Structure formats: structure tokens, C-alpha cells
1. Could you let me know the centre-to-centre spacing of segment 9-60 and segment 124-154, using Cα atoms, in angstrom?
2. Would you please put 5-12, 23-30 in order of how densely packed they are, using the mean number of other Cβ atoms within 10 angstrom per residue and starting with the highest?
3. Counting other beta carbons within 10 Å of each residue's own, what order do T21, T67 fall into, fewest first?
4. With a point put 7 Å past each Cα toward its Cβ, work out how far L23 is from Y86 in nm, to one decimal.
5. Taking the Cα centre of segment 2-166 as the origin, how large is its charge dipole in debye, to the nearest 20, when only Lys and Arg (+1) and Asp and Glu (-1) carry charge on their Cβ atoms?
6. Can you work out the Karplus-derived ³J(HN,Hα) for every residue in segment 66-73? Use 6.51 cos²θ - 1.76 cosθ + 1.60 with θ = phi - 60°, whole Hz, and x for glycine or proline.
7. Checking the table K50/K102; K94/K128; K50/K128; K128/K151; K102/K151; K16/K73 against a 25 Å threshold on Cα-Cα, which pairs fail?
8. Given 5 Å bins starting at zero, what is the percent of C-alpha pairs of the chain in each, up to the one with the largest pair distance?
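We did not get these values from a lab; they are worked out from the coordinates using the rules stated. In this text the structure is predicted, and so the values were computed from the model without any measurement. With ideal geometry, Cβ positions are generated from the backbone for all residues, glycine too; neighbour counts draw on all protein chains shown.
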Amino acid sequence: MVIGCCGAGKSTMSRKIHSITGLPLIHLDQIFWSAGWVEPDRDEWIDNNKKIVQNNHWIIDGNYGSTMDIRIKEADTIVYIDRPTYICLFRVLKRMISNYKKSRMDMPDGCPERLDFEFLKYVAFFNKIKRPNILIKLNAVKKEKQVFVLKNQKENETFISNLNRFN
């Protein structure tokens, strides 16, 4: 399970883990959104998450706090990419500009990148509002699951290097 603020590098990390392990990679954004940025029904979203984790082997990229506990319960390894707000905002803005009006590989068709100020506000306040609860959840499961909190690029590289050695 790979989590972190938007722009922290979740999708990039997930793709690297996938290329090393060969485990199926699921981008939650691809499942959540429908063409035209349409959100699913809440019950449907919860059911989809329950179905996804039934497979014993997966890499799931994404947060979605309303269903995070479903994934935490079933994950054996959780990678939290914990980056400062300014890095996440810079990367998200860069992504918005470079992919403007195009759908990214980790998004469904029909959801082109756009300038979205509500989304930028979410990113700007993620570490203040969402991060504390995520850290509480991770602390609660760290004795029974492998939990990695990666705070910089060097820690990302060390994690990937160690993963390469054991595969």
C-alpha cells in the first residue's frame, strides 16, 4: 500500500515496486473517477475497495481516507511517502501544467489534467489536516505490518535498493 500527499511520488514509487515485484498495480484514481471527473456512489466505492483487497497480492497507490482502513487491514506492507507541502505543491503544479488537458497514465480516460484550485487547497493543507491521522493509523499497525515512512529521495532510493536485493 503506497500512500502520501498528492505530488509526493506515490505513483512513481508504485510503478517502481511493480517493476521489481511484478505484483498487480492498482491506481485508486483509475477506479474512483469516471470520465468527466464523476465520483462513484459511496457504497459502490466501499464495495470496490473490499473487492480489490480480496486478492492476496497487490500494490495499491492512493489515499482515499474513507476506505483507507479497508486497505490497511489487508496490507502486509505500507509505504507512506511523507514530503513537505512545498514539494508536493510544486510537483502538482508542474504536473497540472505539463499534462494540461491530457489524461495521465494513473488516471482514467476522460479525466484530463486541469487547473483545480480546490485540489491545490487540498494539497496545501494535506500535511496539516490528513497527515496526523495517517501517522496515528500507521503507528497502530506497525507491530503487525511492515511500515515505511519515507521522508526524502534518499530514503526512497534506499527502500527501492533494498527491495531489489530481496527479489
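1. 19 Å
2. Ranking the peptides 5-12, 23-30 by packing returns 5-12, 23-30.
3. T21, T67
4. So the two model labels end up 3.4 nm from each other.
5. Around 700 debye, computed over segment 2-166.
6. Rounded to whole hertz, the list is 5, 10, 4, 4, 4, 6, 4, 4.
7. As for pairs spanning more than 25 Å Cα to Cα, those are K50/K102; K50/K128; K102/K151.
8. Histogram of Cα-Cα distances, whole percents per bin: 1, 8, 17, 21, 23, 17, 9, 3, 0.
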